[in-house]
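Just below is one structure, and these are the notes that go with it.
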Amino acid sequence: MHAWPASEVPALPGKGRDLQIHDTATGRLITLDPGPVARIYVCGITPYDATHIGHAATYNAFDLVQRVWLDTKRQVHYVQNVTDVDDPLLERAIRDGHDWTELAERETALFREDMTALRMLPPQHYIGAVEAIPGIVPLIERLRDAGAAYELEGDVYFSVEADPHFGEVSGLDADAMRLLSAERGGDPDRPGKKNPLDPMLWMAAREGEPSWDGASLGRGRPGWHIECVAIALDHLGMGFDVQGGGSDLAFPHHEMGASHAQTLTGEYPFAKTYVHAGMVALDGEKMSKSKGNLVFVSKLRRDGVDPAAIRLTLLAHHYRADWEWTDQVLEDALERLGRWRAAVSRPDGPSADALVEEIREALSNDLDAPAALAAVDRWAASQASEGGTDEGAPGVVSRAVDALLGVAL
Ligand code: 5CA
Ligand code: ZN
């Protein structure tokens, strides 16, 4: 699949700082030490509805990770998937009388437009589940042949017991895992499973549903976790720097993915850090396609809201916090954008050298975007009250805000 166009990232004077980030698996802040090419996998959308603010907030977090790395003069190898075949997508297509492939294509196209408008840097590899199927099938066969997967009425399940590290990503106990598994696409109550938590790797063809040739597995379609594992192993290999997504992916998705990959390769770990963004809510409940309490990025754009203000709304909340979208948080961002634009519209102003370092410091500290915004606020306030004689300082601020925060002033 093609991704979306990259907005330019201006180079800044000096060099950025190494990123310290919260790792779900250890519960600690980890100072990442990527090589010259940092490797990141971020779970993509299931395209059965338009991009909402919750998605945008999660992608904003991982866009910041990349911007910090680029500022340390590293290259970034970024991979993202599109879950373009899965139960919720097929259910929605049937409900609305649409062709599932058209629904997926339409919503993926809209996602690309939203990401472009928000200045999110594109992945180098943007891969759909359907196009990954030929690579997924042999992985499942290998797991089965190694005794780490078993068949149940034509479907194939992964045995969580095959991985001695199972449970280390989320750190949850068996009861909590069982509850979340039932909530998030698993089937812990299906009779005949070796362990209720075992996730499906291959689902045998169902009447009226799309299916693909699965070689010795028979016709069917892949499970959710193996999709991301196949794509990540193909394009990044083991031991990449960051596996990212919203906090609802820690279990089962990232837990199972790690176990699949570690069992397949015999290597550990799948990812060096597992990074999770908080959940955005609307009217007191997590924004979710299944509940329908959504604020769409495309709708805001159609209403004439400047995408830079949408981005500033996301940046005003720490990525790990759960927060609530309200009219007020958008109003605040619009007002801030106005102040910043006025401050950079003059030819000179207070020196920007300290500000660039403050933004770098804030982001390197577990992506503390709100602290970065506060630093820019202080510079803008000083510009508004006293001004300054540093020629070109407003230009430096514009470039820093663009390069490090993805906001075009
Ligand atoms: N296709 C899978 C990942 S392989 C999937 O979870 N798709 S999704 O469309 O449901 O979500 C895409 C990303 O947005 C995930 O990282 C998910 O954790 C995140 N996300 C979903 N809802 C919210 C929300 N309300 N707030 C923050 N992030 C969210
Ligand atoms: Zn995923």
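Every read-out reported here was derived from the displayed coordinates using simple, explicitly stated rules and does not represent laboratory data. All of these numbers come straight from a predicted model, not from anything done at the bench. We place every Cβ from the backbone using ideal geometry, glycine too, and count neighbours over all the protein chains shown.
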Candidates per trypsin sites (Lys or Arg not before Pro) in segment 242-315, loop by DSSP, up to 16 other Cβ within 10 Å: K291
For segment 1-92, share of DSSP beta bridges that run antiparallel, in % to the nearest 5: 40
Highest GNM mean-square fluctuation, the chain, Cα pairs closer than 10 Å: which of G128, G154, G220? G154
Long-range amide H partners of E324 with built H, under 5 Å: A281
Loop-resident trypsin sites (Lys or Arg not before Pro) in segment 44-74 with no more than 11 other Cβ atoms inside 10 Å, DSSP not H/G/I/E/B, are K73
Quick one: net charge around L404, please, counting Lys, Arg +1 and Asp, Glu -1 for every other residue with C-beta under 10 Å from its C-beta. +1
Reachable lysines from K73, Cα under 23 Å, same-chain residues fewer than 8 places away excluded? K15, K272
Checking rank on 341-349, 245-253, with mean other Cβ inside 10 Å and highest first, the result is 245-253, 341-349
Counting other Cβ atoms within 10 Å of each Cβ, which GluC sites (Glu not before Pro) in segment 1-109 have at most 14 and sit in a DSSP loop? E8
What is the chain's relative contact order, in percent, from Cα pairs under 8 angstrom and six or more apart in sequence? 21
Which of I94, I226, I21 moves most in a GNM of the chain, Cα contacts under 10 Å? I94
What are the equivalent ellipsoid semi-axes of segment 20-286, built from the alpha-carbon gyration tensor (square roots of five times its eigenvalues), in whole angstrom, biggest first? 27, 23, 18
Filtered hits (lysines, Cα-Cα < 22 Å from K291, offset >= 8 within chain) -> K299
